[in-house]
Amino acid sequence: MLSDSNLQSRTRGSLIAVLLFAVLAVFASTADIQRGAIAVDKSPNDEREYRALVLDNGMQVLLVSDPETVRAAAAVNVAAGSNSDPAEFNGLAHFLEHMLFLGTAKYPDSGEYQEFIDSHGGSHNAYTAYENTNYYFEIDAGWLEPSLDRFSQFFIAPLFTADYVNRERNAVNSEYQSGLQDDGRRSQAILKAILNPQHPMAGFSVGSLETLQDHGDKLLRDALLQHYDRYYSANLMSLAIFGKEDLDQLEAWARSYFSPVENRNRAKPQANAPLFIPGTLPLQVNIEPVRDARSLSYEFLIPDTRMRYRERP
């Protein structure tokens, strides 16, 4: 059990990694990114140093230097999430997220990465969202470089060992089962049920033993490998690194460890169908919760404004 101070430190480190990608998502949405360094605006009260750049393989990078930090963190975001699931393998993107941690060509032991992070005061995790899959870790500041070495290998040469496929299917299914009585998960499932079934957001994104299984000559592991090849391309990835080292050192590590990630020149998944079937809105949905709770929420369908974020519409 973690002490309060350790828990706060670990939580703070994880939040740094996640918040870096909140910044990077805005940075990555600009249309004028070129090779080399890009100016980064910051608050005059912020003493950290920042550098944004694009590697030769097309991967976008945000570096943050804080000489006073005792924690370091990094994250990689892949611009494809559950919106990339094939119809016959619902939850495949989430399943891939699980399988990616289980050994690489350079570090084949399935538990090596986790043991290394844990033994140096760190933590790691990942999540699969609708449009993104995000991997991140935080660790004691002195151990950033060897962590980056191990972390980068997920995106260079993962093994996807066949012996672990069934184990991770069960892990994903357990995650699905544990959420059946969670009111947030139940509400999300109901929302999906009223969406246009032709829109990828309506799909079952978690995965289960039923959806993650071989279908005749369509094997789950083959679909996994194809999915990785299709979407885990450097031009669809963003990297954030936070450490005590100066920006030149952080950039050298970013280039050394992440330039080998292959750029397959892939395109992001696109949704062409409308989110709701025309004529179905406005709509009132009543949900009976598991807990004794009451709430009211309104949701409005608006056009995507992310490409106009500088105008703050």
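Placing unit charges on C-beta atoms (Lys and Arg positive, Asp and Glu negative, everything else neutral), compute the dipole magnitude of the chain about its Cα centre in debye, rounded to 20.
For the chain, the charge dipole is close to 800 debye.
Per the helix-only calculation at 222 nm, which mean residue ellipticity applies to the chain, given -39500 (n - 2.57) for every DSSP H run of n ≥ 4 and division by its residues, nearest 500 deg cm²/dmol?
My calculation for the chain gives -10000 deg cm²/dmol from helical runs alone.
On full extension of the chain, what length is gained from Ser43 through Lys218, given 0.36 nm per residue of separation minus the C-alpha to C-alpha distance?
Numbers: separation 175, 0.36 × 175 = 63.00 nm, distance 5.23 nm.
Between Ser43 and Lys218, full extension yields 57.8 nm more.
Leaving ligands, DNA and RNA out of it, report the carbon-plus-sulfur percent of the accessible area of the chain at a 1.4 Å probe.
Roughly 50 percent of what the probe reaches on the chain is carbon or sulfur.
For the chain, set up a Gaussian network in which alpha carbons nearer than 10 Å are linked by springs, and say which option among Phe154, Phe116, Phe276 fluctuates the most.
Result: Phe276 has the largest fluctuation of those listed.
Given R₀ = 25 Å, FRET efficiency for Arg291-Tyr130 by Cβ-Cβ distance, to 0.05?
0.45
What is the sum of charges, Lys and Arg at +1 and Asp and Glu at -1, for the other residues whose Cβ falls under 13 Å from the Cβ of Ala129?
Residues near Ala129 contribute -3 overall.
Per residue, how much accessible area does the chain show when a 1.4 Å probe rolls over the protein heavy atoms, in square angstrom? Don't skip to the end; give the middle numbers.
Values: 17270 Å² over 313 residues.
Computed with neighbouring chains in place, this is 55 Å² per residue.
Over the chain, what is the mean sequence separation of C-alpha contacts under 8 Å (at least six apart), divided by residue count, expressed as relative contact order in percent?
This gives 27 percent for the chain.
Along the Cα-to-Cβ line of Ile190, 7 Å from the Cα, sits a label point; which residues in region 270-291 have backbone N less than 12 Å from it?
Correct set: 284-291.
So which residue, out of Pro44, Pro289, Pro260, gets the largest mean-square fluctuation from a GNM of the chain using Cα contacts under 10 Å as springs?
Maximum among the listed residues: Pro44.
How long is the gain from Leu283 to Asp56 if the chain were fully straight, where each residue apart is worth 0.36 nm and the alpha carbon distance is subtracted?
76.9 nm
Residue by residue through region 110-125, which ³J(HN,Hα) values in whole Hz follow from phi under the Karplus form 6.51 cos²θ - 1.76 cosθ + 1.60 (θ = phi - 60°), with glycine and proline marked x?
For region 110-125, the Karplus-derived couplings read 5, x, 4, 4, 4, 5, 5, 4, 5, 6, 10, x, x, 8, 8, 6 Hz, x marking Gly and Pro.
Using a Gaussian network model of the chain whose springs link C-alpha atoms within less than 10 Å, name the residue from Glu262, Glu288, Glu210 with the highest mean-square fluctuation.
Glu288
What does DSSP give for the chain in terms of the percent of beta bridges that are antiparallel, rounded to the nearest 5?
85
May I ask you to evaluate 6.51 cos²θ - 1.76 cosθ + 1.60, the Karplus curve with θ = phi - 60°, for each residue of region 136-145 and list the ³J(HN,Hα) values in order in whole Hz, giving x for glycine and proline?
8, 8, 9, 7, 4, 4, x, 10, 5, 4
What FRET efficiency, computed as 1/(1 + (r/R0)^6) with R0 = 25 Å and r the Cβ-Cβ distance, is obtained for Leu209 and Ala87, rounded to the nearest 0.05?
FRET efficiency, Leu209 to Ala87: 0.90.
May I ask you to evaluate 6.51 cos²θ - 1.76 cosθ + 1.60, the Karplus curve with θ = phi - 60°, for each residue of region 234-242 and list the ³J(HN,Hα) values in order in whole Hz, giving x for glycine and proline?
Going residue by residue, I get 4, 6, 9, 10, 10, 10, 10, 10, 10 Hz, with x marking Gly and Pro.
Could you work out how much longer the chain between Arg255 and Gln198 gets when fully extended? Use 0.36 nm per residue separation minus the Cα distance between them, nm to one decimal.
Numbers: separation 57, 0.36 × 57 = 20.52 nm, distance 4.05 nm.
Gain on extension, Arg255 to Gln198, equals 16.5 nm.
Would you be so kind as to identify which of Phe137, Leu283, Ala171 lies farthest towards the positive end of the dipole of the chain, taking Lys and Arg as +1 and Asp and Glu as -1 on Cβ and the Cα centre as origin?
My answer, from the dipole projection, is Leu283.
The values are calculated or read from the model by the stated rules, or taken from the named source; none is laboratory data. Since the structure is predicted, the reported quantities are computational estimates derived from the model, not experimental observations. Glycine gets a Cβ as well: all are built from the backbone with ideal geometry, and neighbour counts include every protein chain shown. With ligands, DNA and RNA removed, areas are computed over all heavy atoms of the protein, side chains included. Shrake-Rupley method; radii C 1.70, N 1.55, O 1.52, S 1.80 Å.
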